[in-house]
Amino acid sequence: MSEKLISKKKPAYPISNLLSNYLTEQGRNIKIPIFYDDLLRFQGAIEIFDKNGKDTLWISCYYAEYERDEIEHSLKQMYSILHSDGSENIIHYLNIDSIDFCTFGNTKPFRVKVRNILNDNYIFLYIKKADASRIYGLELEHLLSPNHINFLVHKDTLIEEHILGIPGDTFINNHLNILSEQDKRALAKEFVKFNERCFVRLLADMRSYNYVVVITQDFDRVQYRIRAIDFDQQSYEGNPKVYKPQFLKENNALVKMSLKVLAKASIEQYEKEERSLLAKRATSEHERLDDLINCMKVDTISTPEKIKQLKTGLFKLTKDVNFKKSKNMGELLSNGLDFITRNYVNENPYIIK
C-alpha cells in the first residue's frame, strides 16, 4: 500500500485539569513517591534478545544500590494499589525481578516484572509518560469494548497492567496458516468486529504489533478476541482510513483470510452486531462516557488540520451533517456514538421507546 496513512510522530498532550478531576472521580489518580523520570536514572543496561537471538528492542536496566531499594519499594506499592487494596501487607511477599526499558515507539515504557516469592507467580506492570491521548484511549476501551482496563495515573506518570495475549504480528507469522477452517472463520469474525469497533471509537494505528490475539478454550471450540494494547493514536489522525485496521498493510494477511472465509453478508452482519453492542455499551455507561467526552471537547488532542480532514471524511461516509458541524475530536467522537445509537434504536423494532 503506497498511501501514507499514519503521521510519523504524534506529540504527547498534557493532562488537563478537567481530565485530572475526571480521573480522580473514577479512582484513577493516585499518590506515590515515584515518577517515570525516576526510572530513567538507571546506571547501565543490557540488551534483551528473544529465543531466536533477535533483538527485542528492550533493555534490562540496573540502578545504583542506594536508589534500588527505594525504587523497588515504590514499584511494589504500585502493584498493591493496582491489583489489591493498596496496603503494605503483601509487599513483603513481592520481589521486583527486572526493570526493562523499551527503546522503540512513542511512549518508551518501562516493563516491571513483579513476582510473588511464595508461589513464584509473576505479573508485569508498565510505567509510561502520561499522555492525554492514551488516557482517553484507555478509558474508552474500558467503557466501549468488551475488555476492562486497569490503569493508574500519578501526575505525569501512567501505570498500566499487562494485557495478556499473543502479539498480532507474531500470531500472523507463526499461527495463521495452520489454523483450521473453523478457527479461521472465528478469527475473521473477531477481526471484522475489532475493525468496526476501532473505527466507531476513533482508535487509530492498529497495526499488527499494536494488538494481541487472546485465545480461550470453550466447550468444543476455540474462541478468539483481538485486544488493542496501544492507545496513543486515540482521536488524533485526520484520515478516516487509519481508524480501520483493514487499511493497514501489516494486517493484509488477516484481511485476505477474512474475505476468503466469510461471505459479504456475514461481514455486514458482524459489523451491524458490533455497532449494536457499541450502542448498548454507550447507553449503559452514558453518564461516565458523557463526563469523559466533555473533557475531550475542551481539550487539545489533535491539530485543526486533522480535525477538518476527519470531519469532512466522516461526513462523506455517513452524510450526517453533525460531523460537518463538529469543532473538535470530542465532538466527532460524540457524534459518531450518537449516530450508531440513533440508528440502532430506530432499526430495532423490539426496543420499547
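Pull up the stretch 124-154, narrow it to residues that are among the aromatic types (Phe, Trp, Tyr) and touching a Leu at 6+ places or on another chain (Cβ under 9 Å), then point me to the one that is most open to solvent (accessible area, probe 1.4 Å). Filtering the stretch 124-154 for residues that are among the aromatic types (Phe, Trp, Tyr) and touching a Leu at 6+ places or on another chain (Cβ under 9 Å), the one most open to solvent (accessible area, probe 1.4 Å) comes out as Tyr126. Count of the stretch 33-68 residues, restricted to those that are surrounded by 12 or more Cβ atoms within 10 Å (Cβ to Cβ), part of a loop (DSSP other than H, G, I, E, B) and at pLDDT 90 or above, is 4. Scanning the stretch 69-92 turns up no residue that is closer than 30 Å to Ser302 by Cβ, hydroxyl-bearing (Ser, Thr, Tyr) and crowded, with 19+ Cβ neighbours inside 10 Å. The set of residues in the stretch 7-27 being farther than 12 Å from Lys155 by Cβ and touching a residue at least 12 places away in the same chain (Cβ under 8 Å) consists of Ser7, Lys9, Lys10, Ala12, Tyr13, Ser16, Leu18, Leu19, Tyr22, Glu25, Gln26.
Here Thr312 passes the criteria (1) closer than 25 Å to Tyr22 by Cβ; (2) out of contact with any helix residue (DSSP H, G or I) (no Cβ under 7 Å at 6 or more places or on another chain) except the one numbered (1). Scanning the stretch 209-235 for residues that are open to solvent by less than 10 Å² (accessible area, probe 1.4 Å) and either under 12 Å from Ser145 (Cβ atoms) or hydroxyl-bearing (Ser, Thr, Tyr) (or both) turns up Tyr211, Ile226, Ala228, Phe231, Ser235.
Taken over the stretch 94-123, the criterion of being closer than 18 Å to Phe231 by Cα and open to solvent by less than 50 Å² (accessible area, probe 1.4 Å) is satisfied by Cys102, Gly105, Thr107, Pro109, Phe110, Arg111. Out of Lys324, Lys311, one residue alone is charged (D, E, K, R), surrounded by fewer than 17 Cβ atoms within 10 Å (Cβ to Cβ), more than 20 Å from the chain's Cα centre (by Cα) and not in a loop (DSSP other than H, G, I, E, B). It is Lys324.
The values are calculated or read from the model by the stated rules, or taken from the named source; none is laboratory data. On a predicted model such as this, the values are computed, not experimentally measured, just so you know. Note that each Cβ is placed from the backbone with ideal geometry, even for glycine, and that neighbours are counted across all protein chains shown. The area values use the complete protein model at the heavy-atom level, side chains included, leaving out ligands, DNA and RNA. Shrake-Rupley method; radii C 1.70, N 1.55, O 1.52, S 1.80 Å.
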